[in-house]
Amino acid sequence: MTAKTKNTRARATTAGKRIKLTYQGLYDTYGPQHWWPGDCPFEVCIGAILTQSTSWTNVEKAIGNMKDARILSIKGIRRVNSRKLAGLIRPSLYYNVKARKLKEFIRFLDEQYASDVNNMRKTEMAELRKQLLAVWGLGPETVDSMLLYAISKPSFVVDAYTRRIFSRLGLSHPHSTYDELKSMFEASLPKDVRLYNEYHALIVRHGKTVCKTKPKCLECCLKKACANRIR
DNA sequence: GGCCAGGACACCA
DNA sequence: TGGTGTCATGGC
C-alpha cells in the first residue's frame with residue numbers, strides 16, 4: 001500500500017468516525033424526529049415531490065387541499081386535470097411544474113407497478129432507484145426520500161442542509177456531488193433504515209434551527225454542540 | 001420589500 | 001460538463 005493510499009484511507013476513517021459522532025451529537029441535542037409525516041407510502045411519495053425546494057408547512061397545505069378535493073390517490077391524480085391539480089397544490093410553490101411531476105409519477109406507477117407504490121418493494125433498490133431517476137421531475141433527493149421514507153429501503157438522503165452542515169464541519173467539499181456525499185455517509189454508517197431515517201431528519205432539524213439563524217457562521221454551531229464528542 | 005425554504009430541468013457556452 | 005436561468009408561494 002502506498003503512502004498516498006494510506007493517507008486517503010486514514011482520512012476516510014476519520015470522516016467516518018466524525019459522521020457517527022455527529023449523529024450522536026444531533027440525537028442527544030434534538031431527540032427522535034419521527035419522520036416522515038405522511039399517512040401512507042403513497043402520501044410520502046407525493047410529499048417528497050411537493051417538498052422540492054419548499055418548506056413542509058406549504059406542502060401540508062397543498063396535501064390538505066388535495067385531501068379536501070378527494071384526489072390524494074393514484075386514481076384521483078390520474079383523473080384530475082393538470083390545471084385543477086396545479087390550483088390545489090398552489091401553496092407548495094412551482095405548482096405548474098409540480099402538477100406535471102405528479103402526473104409523471106402516477107404514469108410511472110401505472111405503467112411499471114400496477115398502480116401500487118407497495119409493488120416497488122419487490123424491486124432491488126439500485127434498479128428501482130435507476131427507474132425512479134428516469135422519471136421526469138424526480139431527482140436524486142426526491143428519489144432517495146421515496147426509497148427511504150416510503151418503502152423503507154436503506155438509501156441515504158442528501159439535501160442542501162447536509163451539504164451546508166458537513167462542508168462547514170470540514171467533512172466534505174461545498175462542491176461535492178450528490179453521489180459523493182451519499183457514498184460518504186453510506187460508507188461510514190451501517191445500512192440501517194432507521195438510522196438513515198433519523199439522521200436525515202436530524203440534519204434537517206438542525207439546519208432549520210441553528211444553521212438557519214447563523215447562515216454566515218464559518219464554524220458550524222454543530223461543532224459547539226458536539227464539542228466534547230468530535231475530535 | 002427582501003430573503004429563503006427538505007430541487008429539478010432546460011439551455012447555453 | 002458546469003454555470004445560470006426558470007419555476008413563482010408564503011412566512012418572517
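No value in this document is a laboratory result; all are computed from the given coordinates. Every value quoted in this text rests on a predicted model; they were computed, and no experiment measured them. A quick note on method: Cβ atoms are made from the backbone with ideal geometry, for glycine too, and the neighbour counts reach across all protein chains shown.
For the range A:112-164, what log10 I(q)/I(0) values come out of the Debye formula at q = 0.13, 0.15, 0.20, 0.22 1/Å, with one point per alpha carbon and no solvent? Debye output, listed in q order: -0.30, -0.40, -0.68, -0.81. When only the Cβ of Lys, Arg, Asp and Glu is charged (+1, +1, -1, -1), the dipole of chain A relative to its Cα centre reaches about 700 debye.
Restricting the GluC sites (Glu not before Pro) of the range A:28-125 to loop positions (DSSP other than H, G, I, E, B) with no more than 16 neighbouring Cβ atoms within 10 Å leaves A:Glu124.
3J(HN,Hα) along the range A:29-38, derived from phi through the Karplus expression 6.51 cos²θ - 1.76 cosθ + 1.60 where θ = phi - 60°, amounts to 6, 10, x, x, 9, 6, 8, 9, x, x Hz, with x in place of Gly and Pro.
Measuring how big the range A:34-167 is from its alpha-carbon positions, Rg and Dmax come out at 14.1, 44 Å. Contact order for the range A:91-165, expressed relative to its length and based on alpha carbon pairs under 8 Å spaced 6+ residues apart, stands at 23 percent.
How large is Rg over Rh for chain A, taking Rg from the Cα atoms and Rh as the Kirkwood inverse mean of 1/r across Cα pairs? Rounded to two decimals, Rg over Rh is 1.01.
Among the listed pairs A:Lys75/A:Lys98; A:Lys84/A:Lys182; A:Lys67/A:Lys101; A:Lys122/A:Lys208, those whose Cα-Cα separation exceeds 29 Å are A:Lys84/A:Lys182; A:Lys122/A:Lys208. Note that the range A:91-197 shows a convex hull volume over its alpha carbon atoms of 121 Å³ per residue. Structural descriptor for chain A: relative contact order 27 percent, calculated from alpha carbon pairs under 8 angstrom and at least 6 residues apart.
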